[in-house]
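See structure below.
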Amino acid sequence: MLISFGETYLLVIDEKYSREDFLDSFKAESGSWGEFFANRLFSCLFGNTTNLQEEYELFYKEEYADFSIFLEKYHGFNEEVITIITEHSGSMILYGNYGSEGDYDTSQLIEYNEDVIESINEILTQGAKDENQN
Amino acid sequence: MKIRTDFVTNSSSTNFIIISSEELQQDQFAKFLGFTKKSPFWKHIEEAIYELFRDMSEAGDFTSDRYYSNAYTEFEDFSKKTFSEETYKKILKARKEGKKIYYGRFRSEDPKFLSFFCTDSILIENDDIYFDAIECGW
């Protein structure tokens, strides 16, 4: 799922989630501008993110007693967000900043439109449903 | 000392042209862009296409278009000064062949995909439709 906080966001996603999963769920015609756009959307979201678990394990494990405290004290996430993250401990938690990948136009389309974020979540959760059915 | 509490935005617009072999339909244009009704993004592109079709005009109506007619004497003048040489040649050819030519503009304050079309550089074509919205891309 995509959780948006203004200029930044979290992606709570299966570690095996791929560009192909995203494109399959986006359902644009192959070779079309729609598919080109879907690729840009994926790159914009996944292209320049920080894996929070890895960040904690590699750099902050000694400084913060546990992952939840790190999320609260270092990143400033509130209790609700920390609960979502810790409830999905088997998933990959990616932290990103809209536009940091360099695609201003696509990042603006996502950042300022709640209903676009809803559609992205529909795509991301569709991938998860398909995986469970398989 | 003066303190400003408001802000100035730098709004922008992009002119576009669509050339079509026949009268263009909304679902045809959605298919041209490659969006299917099964896509979670369908509702966004459908809304954008609806507004695009509502606001765009045909080349034949150019001289009565108050927004453009102050700056350009006729459609050919607008086309030559606004679009690339390649697109201008396609427009001239399309006119000779009796194809449909639509024009309009996107604004950066338009919602969602229309704003995206304004700030991005879009050039898409197939055998039946040519869509150029490159001019003034950010």
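Scan the range A:89-123 for residues that are in a loop (DSSP other than H, G, I, E, B), farther than 25 Å from B:Ser121 by Cβ and touching a residue at least 24 places away in the same chain (Cβ under 8 Å) and report the count.
Adding up the residues that qualify gives 1.
Tell me which residues, restricted to the range B:117-129, are modelled with pLDDT of 90 or more and touching a helix residue (DSSP H, G or I) at 6+ places or on another chain (Cβ under 6 Å).
Correct list: B:Ile124, B:Ile129.
Pick from the range A:31-42 the residues that are open to solvent by 30 Å² or more (accessible area, probe 1.4 Å) and in contact with a helix residue (DSSP H, G or I) (Cβ under 9 Å, 6 or more places away or on another chain): which of them is farthest from the other protein chains (Cβ to nearest Cβ)?
Ranking the qualifying residues of the range A:31-42, first place goes to A:Asn39.
Specify the residue that is least open to solvent (accessible area, probe 1.4 Å); the eligible residues are those in the range A:107-126 that are of a type in the set (Asp, Glu) and more than 9 Å from chain B (Cβ to nearest Cβ).
Residue satisfying both the conditions and the ranking: A:Glu111.
State all residues of the range A:11-30 that are more than 8 Å from chain B (Cβ to nearest Cβ) and surrounded by 14 or more Cβ atoms within 10 Å (Cβ to Cβ); if no residue qualifies, say none.
Result: A:Leu11, A:Val12, A:Ile13, A:Asp14, A:Tyr17, A:Asp21, A:Phe22, A:Leu23, A:Asp24.
What number goes with the only condition from (1) open to solvent by 80 Å² or more (accessible area, probe 1.4 Å); (2) touching an Asp or Glu at 6+ places or on another chain (Cβ under 9 Å) that B:Ala48 does not pass?
Condition (1) is where B:Ala48 drops out.
The values are calculated or read from the model by the stated rules, or taken from the named source; none is laboratory data. From a predicted model like this one, the values you see are computed outputs, not experimental measurements. A quick note on method: Cβ atoms are made from the backbone with ideal geometry, for glycine too, and the neighbour counts reach across all protein chains shown. These area figures cover heavy atoms from the full protein model, side chains too; ligands, DNA and RNA do not enter into them. Shrake-Rupley method; radii C 1.70, N 1.55, O 1.52, S 1.80 Å.
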